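Structure, as structure tokens:
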Amino acid sequence: MKISAGFWQTNTDYSVSCTVTHKVLPEIFTHSNSTSFNTSSPPYGGRVETTPEKAYPGESMTFNITGWQSPNPPLNYLLFNTKDIEGNGRGGIITEYTKESDTDFTFALPENPILVVIADSIGEVYTEVVKVAIIEVEEPAPEGDADGAPESPAEEAPEDGA
């Protein structure tokens, strides 16, 4: 039997039994065992907001994390860098905070999206990738005419009026 991630439903009671019987000598070797457990649900009901909504890379950014609930407090808030511009993979940790109420995190905005992880005391987690709109820095045009091309000396009018 193989059980993959997502197999169990949240907030559900389960009872699992397994019986092993020897193929040739079932009367000599048969063993059974059972266990029961309950699956919990991850933290719920909250939101993650950023201020400002758009920022330059490296600019100070505040993540406001509010309204999260769990029957298993306290909640642990973790923010990670992601490994690419799409928000894939967990990079280095930015900050970690354990608190039973809402919290704000302020730090310099990295180039990649942020992975927000909210975990309760028994390890149930909610995750969200937050992609902050990054304001691109425009390079100034080189000195010259309106299209940015430098003026050529041949285009200059002669000084003697000829």
Go through the range 5-19 and give me each residue that's among the aromatic types (Phe, Trp, Tyr) and either at pLDDT 85 or above or surrounded by 10 or more Cβ atoms within 10 Å (Cβ to Cβ) (or both).
TRP8, TYR14
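Taking into account only those residues within the range 20-72 that are in contact with a Gly (Cβ under 7 Å, 6 or more places away or on another chain) and either in a loop (DSSP other than H, G, I, E, B) or of a type in the set (Val, Ile, Thr) (or both), which is surrounded by the fewest Cβ atoms within 10 Å (Cβ to Cβ)?
If we take residues in the range 20-72 being in contact with a Gly (Cβ under 7 Å, 6 or more places away or on another chain) and either in a loop (DSSP other than H, G, I, E, B) or of a type in the set (Val, Ile, Thr) (or both), then GLY45 is surrounded by the fewest Cβ atoms within 10 Å (Cβ to Cβ).
For every residue, the table says whether it meets (1) out of contact with any strand residue (DSSP E or B) (no Cβ under 8 Å at 6 or more places or on another chain); (2) closer than 25 Å to TYR126 by Cβ; (3) at pLDDT 90 or above; (4) hydrophobic (A, V, I, L, M, F, W, C).
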site	(1), (2), (3), (4)
ILE3	yes, yes, no, yes
HIS22	no, no, no, no
GLU27	yes, no, no, no
GLU53	no, yes, no, no
Which numbered condition ILE93 fails, given (1) in a strand (DSSP E or B); (2) in contact (Cβ under 8 Å) with a residue 24 or more places away in the chain
(2)
Kindly provide the set of residues from the range 96-127 that are crowded, with 16+ Cβ neighbours inside 10 Å and assigned to a loop (DSSP other than H, G, I, E, B), ordered by number.
LEU109, PRO110, ASN112, PRO113, ASP120, GLU124
All but one of (1) of a type outside the set (A, V, I, L, M); (2) more than 15 Å from the chain's Cα centre (by Cα); (3) outside any strand (DSSP E or B) hold for ASP13; which doesn't?
(3)
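The values are calculated or read from the model by the stated rules, or taken from the named source; none is laboratory data. Predicted model only: the values in this text are computed from it and were never measured. Counting neighbours? That spans all protein chains shown, and the Cβs are built from the backbone with ideal geometry, glycine included.
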